[in-house]
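Report on the structure given below.
The values are calculated or read from the model by the stated rules, or taken from the named source; none is laboratory data. Everything quoted here is computed from the prediction, not taken from an experiment. FYI the Cβ positions are ideal-geometry reconstructions off the backbone, even for glycines, and counts take in every protein chain you see.
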Amino acid sequence: MTVALTLTVLLVLAVAGFVLGRRRAVASAQGNIRVLHSLPNYYGWHGAIMAAVPALLALAVWLILQPMVVERQVLGYFPADSVESDAARTLIMADVRRVANGLDVAVARGALTDVQAREVSTTTGSIREVLGTVGVALGAEVTPQVLEAAQRSRELNLSGAWMRTVLTLTLALAGLAYAIKVTDKDFRARNRVERVMLALLMLASTIAILTTVGIVMSMLTESLRFFSMYPWQDFFLSLTWSPSFQGNSQLGLAPLLWGTLYISLVSMLVAVPIGLFTAIYLAEYASPRLRAIIKPMIEIIAGIPTVVFGLFALVTVGPFLRDAFAQPLGLGTSGSSVMTAGIVIGILNIPFISSLADDIINAVPQSMRDGSYGLGATKSETIRQVVLPAALPGVVGAILLAASRAIGETMIVVMGAGAAARLDLNPFEAMTTITVKIVSQLTGDTEFNSPETLVAFALGMTLFVITLGLNIVALIIVRKYREQYE
Amino acid sequence: MNDMRIVERDVDTQKAKITARGVQVHYGTTHALKDVNVDILDNTVTAFIGPSGCGKSTFLRCLNRMNDTVASARVSGEILIDGENIYDKRVDPVQLRAKVGMVFQKPNPFPKSIYDNVAYGPKIHGMTRNKADLDEIVESALRKAALWNEAKDRLNAPGTGLSGGQQQRLCIARAIATSPEVLLMDEPCSALDPIATAQVEELIDELRASFSVVIVTHSMQQAARVSQRTAFFHLGNLVEYGETGTIFTNPTDPRTESYISGRIG
């Protein structure tokens with residue numbers, strides 16, 4: 001039985017569990033559902049859960065474990081030294097799987113009988129030709145070991161699938177029988193169902209955390225590998241970035257970090273004032289009707305893909321800045337520059353700040369404004385001295401969120417500021433950021449064993465630490481001022 | 001209602017501070033206030049009583065044009081303070097509100113220190129030349145609001161950290177720091193416990209010496225305790241206005257009598 005079919009059967013059993021559980025509970029109450037401990041549907045859900053969940057868990061575990069067991073068995077056909085390295089093992093397993101699949105196809109098309117497929121060997125003729133007739137192309141003649149291994153793996157998979165089906169269905173039926181047996185009017189079905197829901201909620205929250213931990217761990221191990229090949233002093237203190245895949249690379253963080261911070265600074269100088277002023281206008285001055293139109297329009301910006309912004313930087317903003325400022329001022333002739341990328345990222349971030357800050361300013365209680373107006377304060381005095389201080393923590397949070405985005409932005413930087421790592425104060429000079437270099441070190445046909453590629457992980461780790469630091473600062477600020485007007 | 005005899009009922013002056021003639025208020029299509037005529041005296045505590053939704057708070061908010069901040073509100077008629085129509089086009093509501101202070105139903109201290117809360121009004125109106133002047137104003141306002149003894153050692157602590165009663169007295173201090181001529185209070189004790197209420201009521205009586213005080217209240221006992229004049233509102237009409245003792249003991253309008261004896265409300 002295939003996995004899909006098993007799942008369908010499980011679904012049917014779960015539905016049966018629901019119907020039977022509910023019906024039995026109602027029957028045990030003799031139709032008067034007031035004497036039931038839980039609402040009838042809870043008995044139904046209990047039946048469905050008992051039928052489906054243990055069986056599904058067993059199925060999942062089986063599906064994870066079976067390939068591992070098969071691989072271990074199959075590798076026994078090969079000499080130990082030929083499967084020592086990861087790469088060799090992967091190659092051999094790929095071969096075995098291809099032949100095994102080929103045999104499956106041959107049986108399905110009728111080119112081989114089931115028995116033939118099991119007993120065919122390299123001495124009786126070319127397997128490659130037989131498989132070729134059913135459309136399975138193999139690169140080379142099949143070696144005896146590979147064929148034997150493939151046959152063994154077919155065998156194991158077949159018997160595995162059989163046992164898997166039996167186990168799953170047995171569990172499902174046993175669960176169903178148990179649920180029906182325990183169901184009567186005093187059974188606490190709601191408590192059971194709610195416990196399962198609680199477990200589900202906990203599982204959901206753990207997944208995000210575990211993923212983060214996993215990402216950090218993998219970056220950490222790869223970074224450590226990088227630092228074992230390349231001295232950390234050079235990475236953190238060197239002022240040059242010139243990777244070369246022939247060796248003798250200089251992988252200094254400084255120019256990239258500088259580019260990142262410089263471009264982020266320019267973008268925040270654009271986004272923070274414009275975003276905040278927009279938010280103040282929307283929250284305090286605009287009429288409700290105008291606000292209902294303007295706010296979604298500004299938020300459209302947030303929906304534009306960043307690569308489109310990159311184009312805008314490349315063909316419009318870059319040349320304009322070069323012709324209008326850089327060349328007349330004698331500051332360079334480059335179309336891609338820190339200013340270009342910074343301004344465009346800033347524009348991208350305006351809706352972030354304006355939208356969040358607008359919500360936060362709106363959340364400041366009206367009584368605060370009334371108190372100020374009641375003392376004869378003007379609208380602008382009220383906004384500057386009462387509303388904004390009360391909204392400060394949230395506004396700071398919005399700004400830091402935007403800063404994190406600016407630091408992590410890649411596409412706009414590539415198209416707007418170029419890819420040249422440079423330490424320079426001139427804002428009309430091309431520079432680049434950490435994220436851009438991570439991409440360029442990892443694209444192309446690369447192997448993860450040279451410092452030139454592994455440096456990407458160290459860069460990623462640095463970026464992660466910077467944004468994490470920003471988030472922590474944001475949290476501290478928000479926590480410190482949060483309760484002020486409550 | 002024996003306690004209504006505690007307050008001395010002699011009104012020191014008969015001079016009208018606020019004169020309202022034919023005041024009408026609409027909120028959208030709702031006619032909230034119908035043709036109100038009243039003279040509010042100087043150095044007097046005037047209480048507005050009446051059931052919920054009768055228009056008393058609305059009328060209070062007309063007196064310092066706080067209804068301007070409500071988009072749907074329309075006010076017509078004439079309100080004169082010291083003979084000047086406050087709904088005249090030449091009058092700036094900002095300047096008016098500096099003259100007519102307001103204390104709200106719920107204590108609403110700013111998220112600033114106690115000192116800055118009180119100093120807020122004097123600062124924005126440029127009432128002081130130096131820090132020493134400001135310190136003096138803050139101290140005297142806090143003293144008048146009977147908060148000085150509790151707050152003098154923690155002037156830099158946030159105003160929101162005070163208890164409810166203290167917060168309300170802080171809001172009163174904040175309102176009197178700008179030296180208004182009229183003080184409007186919208187149910188100032190509704191969020192307070194009996195002890196804090198007693199303190200605020202005592203304070204209201206003292207404030208009468210320097211301002212004309214108008215207080216909206218749901219508690220008839222409170223109106224009887226603190227006021228010299230009482231106005232009874234019902235369904236947007238000013239039903240009866242007169243000396244507090246008379247209103248409570250010998251009302252002329254049957255609706256007033258019903259309300260006071262608890263039959264309508």
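Of everything listed in (1) closer than 17 Å to A:ALA174 by Cβ; (2) under 29 Å from the mean Cα position of the chain (by Cα), the single unmet condition for A:GLY17 is (2). Every listed requirement among (1) surrounded by 15 or more Cβ atoms within 10 Å (Cβ to Cβ); (2) farther than 29 Å from A:VAL15 by Cα is met by A:ARG164 save one, (2).
Going by the conditions given, is A:VAL193 more than 29 Å from A:VAL12 (Cα to Cα) and in a helix (DSSP H, G or I)?
Numbers: more than 29 Å from A:VAL12 (Cα to Cα): no; in a helix (DSSP H, G or I): yes.
Criteria not met by A:VAL193.
Among the residues of the stretch B:102-137, the ones that are more than 11 Å from every other protein chain (Cβ to nearest Cβ), buried (at least 20 other Cβ atoms within 10 Å of the Cβ) and either among the charged types (D, E, K, R) or within 18 Å of the chain's Cα centre (by Cα) (or both) come to 0 in all.
Listed here are the residues, each with its yes/no results for (1) assigned by TED's automatic domain parsing to the domain that holds A:GLY160; (2) exposed (fewer than 14 other Cβ atoms within 10 Å of the Cβ); (3) under 17 Å from A:ALA177 (Cβ atoms); (4) in contact with a Ser or Thr (Cβ under 7 Å, 6 or more places away or on another chain).
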{"residue": "A:LEU20", "(1), (2), (3), (4)": "yes, no, yes, no"}
{"residue": "A:ALA29", "(1), (2), (3), (4)": "yes, no, no, no"}
{"residue": "A:ARG34", "(1), (2), (3), (4)": "yes, yes, no, no"}
{"residue": "A:SER38", "(1), (2), (3), (4)": "yes, no, no, no"}
{"residue": "A:TYR42", "(1), (2), (3), (4)": "yes, no, no, no"}
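Residue check: B:THR160 meets all listed conditions (1) within 14 Å of chain A (Cβ to nearest Cβ); (2) out of contact with any helix residue (DSSP H, G or I) (no Cβ under 7 Å at 6 or more places or on another chain); (3) over 25 Å from B:VAL45 (Cβ atoms) but one, namely (2). Summed over the stretch B:72-101, residues that are within 8 Å of chain A (Cβ to nearest Cβ) and either in a strand (DSSP E or B) or farther than 24 Å from B:LEU142 by Cα (or both) total 1.
Give, as residue ranges, the helices (runs of 4 or more DSSP H) completely inside the stretch A:367-421 that count at least 1 residues that are at the interface with another protein chain (Cβ under 10 Å from one of its Cβ atoms) and in contact with a Phe, Trp or Tyr (Cβ under 7 Å, 6 or more places away or on another chain). Walk me through how you get there before you give the answer.
Working: elements: A:379-382, A:388-408, A:411-417.
The qualifying helices (runs of 4 or more DSSP H) are A:379-382, A:388-408.
Just to be sure, is A:ALA88 touching a helix residue (DSSP H, G or I) at 6+ places or on another chain (Cβ under 7 Å) and surrounded by 16 or more Cβ atoms within 10 Å (Cβ to Cβ)? Break it down stepwise before answering.
Numbers: touching a helix residue (DSSP H, G or I) at 6+ places or on another chain (Cβ under 7 Å): yes; surrounded by 16 or more Cβ atoms within 10 Å (Cβ to Cβ): no.
It is false that A:ALA88 is touching a helix residue (DSSP H, G or I) at 6+ places or on another chain (Cβ under 7 Å) and surrounded by 16 or more Cβ atoms within 10 Å (Cβ to Cβ).
For A:VAL216, indicate whether it is over 28 Å from the mean Cα position of the chain (by Cα) and assigned to a helix (DSSP H, G or I).
Numbers: over 28 Å from the mean Cα position of the chain (by Cα): no; assigned to a helix (DSSP H, G or I): yes.
Here the answer is no, as A:VAL216 does not meet what is asked.
Check the stretch B:240-250 and report whether any residue there is farther than 24 Å from B:ASP82 by Cβ and in a loop (DSSP other than H, G, I, E, B). Checked the stretch B:240-250: at least one residue is farther than 24 Å from B:ASP82 by Cβ and in a loop (DSSP other than H, G, I, E, B). Could you tell me whether any residue of the stretch A:239-254 is at pLDDT 95 or above, surrounded by fewer than 19 Cβ atoms within 10 Å (Cβ to Cβ) and of a type in the set (Val, Ile, Thr)? Among the residues of the stretch A:239-254, not one is at pLDDT 95 or above, surrounded by fewer than 19 Cβ atoms within 10 Å (Cβ to Cβ) and of a type in the set (Val, Ile, Thr), which makes the answer no.
Would you confirm whether any residue within the stretch A:54-69 is assigned by TED's automatic domain parsing to the domain that holds A:ALA172 and within 19 Å of A:ARG188 (Cα to Cα)? Show your work before the answer.
Within the stretch A:54-69, the subset assigned by TED's automatic domain parsing to the domain that holds A:ALA172 is A:54-69.
Next cut, within 19 Å of A:ARG188 (Cα to Cα) only: none.
Looking through the stretch A:54-69, none of the residues is assigned by TED's automatic domain parsing to the domain that holds A:ALA172 and within 19 Å of A:ARG188 (Cα to Cα).
Against the criterion of being in contact with a helix residue (DSSP H, G or I) (Cβ under 9 Å, 6 or more places away or on another chain), touching a residue at least 12 places away in the same chain (Cβ under 8 Å) and within 30 Å of A:GLY47 (Cβ to Cβ), A:LEU147 does not qualify.
Could we say that A:ALA406 is modelled with pLDDT of 90 or more and buried (at least 23 other Cβ atoms within 10 Å of the Cβ) here? Walk me through how you get there before you give the answer.
Values: modelled with pLDDT of 90 or more: yes; buried (at least 23 other Cβ atoms within 10 Å of the Cβ): yes.
The answer is yes for A:ALA406.
Taking the numbered list (1) more than 14 Å from chain B (Cβ to nearest Cβ); (2) in contact (Cβ under 8 Å) with a residue 40 or more places away in the chain in turn, A:ALA324 passes all entries but (2). One residue stands out in the stretch A:327-366 among those that are more than 14 Å from every other protein chain (Cβ to nearest Cβ) and not in a helix (DSSP H, G or I): the one that is surrounded by the fewest Cβ atoms within 10 Å (Cβ to Cβ), namely A:GLY330. In this structure, is B:ALA47 out of contact with any Lys or Arg (no Cβ under 6 Å at 6 or more places or on another chain), modelled with pLDDT of 90 or more and buried (at least 16 other Cβ atoms within 10 Å of the Cβ)? Yes.
Among the residues making up the stretch B:238-265, those that are closer than 20 Å to B:SER52 by Cα, surrounded by fewer than 17 Cβ atoms within 10 Å (Cβ to Cβ) and of a type outside the set (Asp, Glu) are B:PRO254, B:SER258, B:SER261, B:GLY262, B:ARG263, B:ILE264, B:GLY265.
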